[in-house]
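Bear in mind these aren't lab numbers, they're just calculated from the coordinates by the rules spelled out. These numbers come from a predicted model, not from an experiment. With ideal geometry, Cβ positions are generated from the backbone for all residues, glycine too; neighbour counts draw on all protein chains shown.
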Amino acid sequence: MKESQEAFVARRSKDWDALRDLLAHEKALHRMGAQAIATAGNLYRNTASDLMQARANGFTPDLVHALDQLAARAHSGLYSAPPYRLRAIAELLLFDFPATLRRHTRAFWIATALFVLPALLGFSTAFISRHAAMQILPEQMVESAEKMYSDGFDGRDEGTDASMAGFYIRNNVGIAFQCFATGILLGIGSIFYLVYNGLTIGTFAGLVTASGYGINLLTFVSGHGAFELTAIVIAGAAGIVMGYSLVATKGLTRMGSLQASARDIAQLVMGAALMLVAAAFIEGFWSPSGIPMRVKWIVSALLWLFVIVYLSFAGKARRRLRAKAST
């Protein structure tokens, strides 16, 4: 005997209401717990079956339309890519990125050493011997830099600042991408580019300093250096994490091991990229400005302090709350 529409609605409406409640939750489905997602999946499949039954039995268009809309919303919530949200960026910066970096402290300090030690070597070599430094940097670049830093900075027009900020974003992200992406070569590429960029930057600074313009260079770099240099090291650390996951697979296949580390790697790279964007705007608008030298140094000290405190402590409070809630 064919079931009436009234009996069908009375029998199934409880599940439809439960699915609506899940979809109306303030959290998106993909951010709920595993049990809630599994429940939503079962309710969605049952609702899709109800929709086909309602159509087959010739129930009213209003009921068919309501079930069609409910099934479509559930499908979108379960299987569509999560929407772009500013809140996600805020959560990355305030919690996930610094917490993930602290989980990979060893990779970070290895990357720091691979960058800083060659930089010190390059600086010392260039300061002592211009000829030796010219084996690392092209002479044209050195002459251009010496001319650029010889008179200090009195500011530029806004159009030039904006265009240079765009250039710095492209250039800095390109350097960081080299340090990260080449980590796929079992980490060897990341090691190479960290050493190479550290040596190049150190040699450049040593040559400019030996020419007598070191204070001007320091004043220019001081503002954005905290973000830019730290982000390059973090990008290199992400590459090292990626390379290590391909070497120490812990019983997984190489691809499986890489997938297990993918979330952490992505958070490190995205965090570093956002730091580089911030550095580019500082470098484009603040660094070349005519603001007094001492003010720039004070701001630089505050920015370095901010980066250190941020990476060391951001997100710890939420972790403690989660640990407390789970006990």
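Along the principal axes of its C-alpha atoms, what lengths does the chain span, in descending order and rounded to whole Å?
Largest first, the chain extends 98, 51, 40 Å along its Cα principal axes.
Taking Cα atoms, how many degrees apart are the long axis of helix 158-181 and the longest axis of the chain, rounded to 10 and kept between 0 and 90?
The two axes meet at around 80 degrees.
Nearest 10 degrees, 0 to 90: what angle lies between the long axis of helix 5-23 and the longest principal axis of the chain (Cα atoms)?
With both axes taken from Cα atoms, the answer is about 20 degrees.
If contacts are Cα pairs under 8 angstrom and at least 6 residues apart, what is the relative contact order of the stretch 5-79 in percent?
With pairs under 8 Å counted, the relative contact order is 39 percent.
Counting Lys and Arg as +1 and Asp and Glu as -1, each charge on the Cβ, what is the dipole of the chain about the Cα centre in debye, to the nearest 20?
Here the chain has a charge dipole of around 1440 debye.
So how many Lys-Lys pairs in the chain land under 25 Å Cα to Cα, not counting same-chain pairs under 8 apart?
Lysine pairs meeting the criterion: 6.
For the chain, what does -39500 (n - 2.57) per DSSP helix run (n ≥ 4), summed and divided by total residues, give at 222 nm, in deg cm²/dmol to the nearest 500?
After summing the helix terms and dividing by residue count, I get -26500 deg cm²/dmol.
Contact order normalised by length for the chain, with contacts defined as Cα pairs under 8 Å and 6 or more residues apart; what percent is it?
22 percent
Between M52 and A88, what's the calculated FRET efficiency when r is the beta-carbon distance and R0 is 41 Å? Round to 0.05.
Calculated value: 0.70.
Once you have a ≥ b ≥ c as the square roots of the Cα gyration tensor eigenvalues for the stretch 173-327, tell me rounded if a/c is under 1.5, and otherwise prolate or oblate according to whether a/b is larger than b/c.
Oblate, since a/c reaches 1.5 and b/c is not below a/b.
Using +1 at the C-beta of Lys and Arg and -1 at the C-beta of Asp and Glu, which of A48, I37, L22 has the Cα lying farthest in the positive direction of the dipole of the stretch 5-79?
The Cα lying farthest towards the positive end belongs to I37.
Picking from V195, A10, G256, whose Cα lies most toward the positive end of the charge dipole for the chain (charges on Cβ: Lys, Arg +1; Asp, Glu -1)?
Of the candidates, A10 comes out farthest on the positive side.
In a GNM of the chain with a 10 Å cut-off on Cα contacts, which of K14, K316, K296 has the highest mean-square fluctuation?
K14
Using +1 at the C-beta of Lys and Arg and -1 at the C-beta of Asp and Glu, which of T182, M270, T105 has the Cα lying farthest in the positive direction of the dipole of the chain?
Of the options given, the answer is T105.
Kindly express, to the nearest 10 degrees and within the range 0 to 90, the angle between helix 61-79's C-alpha long axis and the longest C-alpha principal axis of the chain.
Rounded to the nearest ten degrees, it is 30.
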